[in-house]
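Below: one structure, written as structure tokens.
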Amino acid sequence: MNDKLPPSPDKQRSPLGKAPFRFRCHSGVSCYLICCHKVELRLLPVDIIRLKNALGLQSAEFLDKYVRISTGSHPYFPAIMLNMADRDGNPCPFLSADGCTVYKDRPSACRTYPLERGVAKTGQRGSLQSLYFLTDHPYCKGHLEDHEYTVKQWERDQFLHEYNLVNDMWAEVDAFFATNPWEGEGQAGPRQRLAFMVCYTIDDFRSYCNQHNLVNAFRMTRDRRRRILADDIELLKFGFDWLLHVLGDRPTLIPA
């Protein structure tokens, strides 16, 4: 799920389990900000929402200005990749001389590093379990810092829980997309465009919901309906449930 850096022979990657790890990134390390240049960084749906809101942009504006569409984890749904700035060293477009200008809303991959996170289904009910790996690039001196974390401490310190919750939902939706639910309509057909709207252009999906009175078409608590109407990330969660319901005939929502 973490797509910050491309695979390379120099990259060390090992299962972490429950073992603590040493890491600390700060302006005093000699490699500071090196990892923010020439990055192949995939943006997940929650990342796009956090970034476009931080920048005061509509989803379509953000996509037009900062990203490119690329091949996803499978052939049946595209990925959104962040474009590096067209200047010396090809830095992240949100990088300044002092550091990250969107740090509070930085993408999942940046937030999780130096860990990489995946999910696996366990048990008969298929509950999701987090799997963490520790990555170590030779240029990164943060691993030499005398500061130790457990995974739980790192999740708490980096405010990962909300990101992980939404990204787990996205992983289930993307796994469904891998079954090619729009077979027969061709690439970028109407159902795939609908899915693209939900996942990547949340402002367009909000307009679609308002036009079709979609939120009121399903049974839910008054509190959830209020949160969906007020918050983009809550709308994204609803959108994931709606896609699985309308495209996969799954009981993720109950018609009113």
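Please treat every number below as a calculation from the coordinates, not as lab data. Just so it is clear, the structure is predicted and the values come from calculations on it, not from any experiment. Backbone-built Cβ (ideal geometry, glycine too); neighbour counts: all protein chains shown.
Ignoring chymotrypsin sites (Phe, Trp or Tyr not before Pro) that are buried or in helix or strand per DSSP, and keeping those with at most 13 other beta carbon atoms within 10 Å, what is the longest stretch of the chain between them? That would be 1-138.
Taking 25 °C and 0.890 mPa s as the conditions, I'd like the Stokes-Einstein D for the stretch 55-170 in µm²/s, using the Kirkwood hydrodynamic radius from alpha carbon pairs. Mind dumping the intermediate values first?
On the way: Rh = 17.0 Å.
Result for D is 145 µm²/s.
For the stretch 185-255, the alpha carbon positions stretch 38, 25, 19 Å along the principal axes, listed from largest to smallest.
Treat every Asp and Glu Cβ in the stretch 12-173 as -1 and every Lys and Arg Cβ as +1, leave all other atoms uncharged, and give the resulting dipole magnitude about the Cα centre to the nearest 20 debye. Walk me through the numbers before you get to the answer.
On the way: 20 positive and 18 negative charges, 58 e Å.
With Lys and Arg at +1 and Asp and Glu at -1, about 280 debye.
Here's the picture: charge each Lys and Arg Cβ at +1 and each Asp and Glu Cβ at -1 in the chain, and of Met220, Cys31, Ala79 the one pushed furthest to the positive end of that dipole is Met220. Which residues does the label zone of Asp204 cover in the stretch 160-194, counting backbone N under 13 Å from a point 7 Å along Cα→Cβ? Backbone N within reach: 188-194. Ranking Gly184, Leu144, Leu243 by how far each Cα lies toward the positive end of the dipole of the chain (charges on Cβ) leaves Leu243 at the top. What separates the Cα centres of the stretch 21-39 and the stretch 168-202 is a distance of 35 Å. With R₀ set to 22 Å, the beta-carbon distance separating Ser73 from Ala256 gives a calculated FRET efficiency near 0.05.
Where does each of Lys38, Lys141, Lys52 land when they are ranked from fewest to most other beta-carbon atoms within 10 angstrom? Walk me through the numbers on the way to the answer.
Numbers: Lys38 13, Lys141 16, Lys52 23.
Lowest to highest Cβ neighbour count: Lys38, Lys141, Lys52.
For the stretch 36-107, compute the orientation-averaged projected area of the C-alpha convex hull (one quarter of its surface), in nm². Could the numbers behind the result be given before it?
On the way: hull surface 20.0 nm².
For the stretch 36-107, averaging the hull's shadow over all directions gives 5.0 nm².
May I ask for the equivalent-ellipsoid semi-axes of the chain, computed as the square root of five times each C-alpha gyration tensor eigenvalue and listed largest first in whole Å? Mind dumping the intermediate values first?
Working: eigenvalues 215, 90, 64 Å².
So the three semi-axes of the chain are 33, 21, 18 Å.
Using Cα pairs closer than 8 Å and at least 6 residues apart in sequence, work out the relative contact order for the stretch 185-255, in percent. Reported as a whole number, the value is 31 percent.
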